[in-house]
1. Could you order LEU27, LEU4, LEU62 by accessible surface area, starting with the largest, using a probe radius of 1.4 Å?
2. On a full-extension model of 0.36 nm per residue, what is the gain between LYS79 and ARG1, subtracting their alpha-carbon distance, rounded to one decimal in nm?
3. Rank-order 19-25, 37-43, 63-69 by packing density, defined as the average count of other C-beta atoms within 10 Å over each peptide's residues, highest first.
Amino acid sequence: RRKLLDNIDFTWRVVKREPWDTMFHRLLEYKQHFGDCLVPQRYKKDPRLGGWVREQRKRQCLMPEERRRKLDALAFTWKAKQDRPDPHNNN
C-alpha cells in the first residue's frame, strides 16, 4: 500500500497539534492583553490561536466538561459573531 501511495506522491507529513492546555494558556494571555476571547481567525501574532478558538466553538457540545468550565471561567465567547461590536453602530 505504501508503494501505491508513494507512486502518487502522497504527502506523509502530519501537522503537529499543540496540547489543549498550551493553547488554553495562550488564550489566557490573549485575554489578559485584550480583555476578551475574541481572537481573530487570522491573528498575526499567534496564527494557530485563532484556529484553535474557532475549533473550541465548533466542538463545544463534544468537549469534556472540565474544558468547557475552564473556558467559561474566562468568559469565553461561544458565539463570536453575536458578541462582536457592530462597526456600523455608533451607539
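The values are calculated or read from the model by the stated rules, or taken from the named source; none is laboratory data. Note that the structure is predicted; figures quoted are calculated from it, not measured. Every residue, glycine as well, gets a Cβ built from its backbone with ideal geometry; the counts of neighbours run over all protein chains shown. To get the accessible areas, we keep the full protein, side chains included, count just its heavy atoms, and leave off ligands, DNA and RNA. Shrake-Rupley method; radii C 1.70, N 1.55, O 1.52, S 1.80 Å.
1. Largest accessible area first, the list is LEU62, LEU4, LEU27.
2. Gain in length upon complete extension: 23.7 nm.
3. Going from most to least packed, we get 37-43, 19-25, 63-69.
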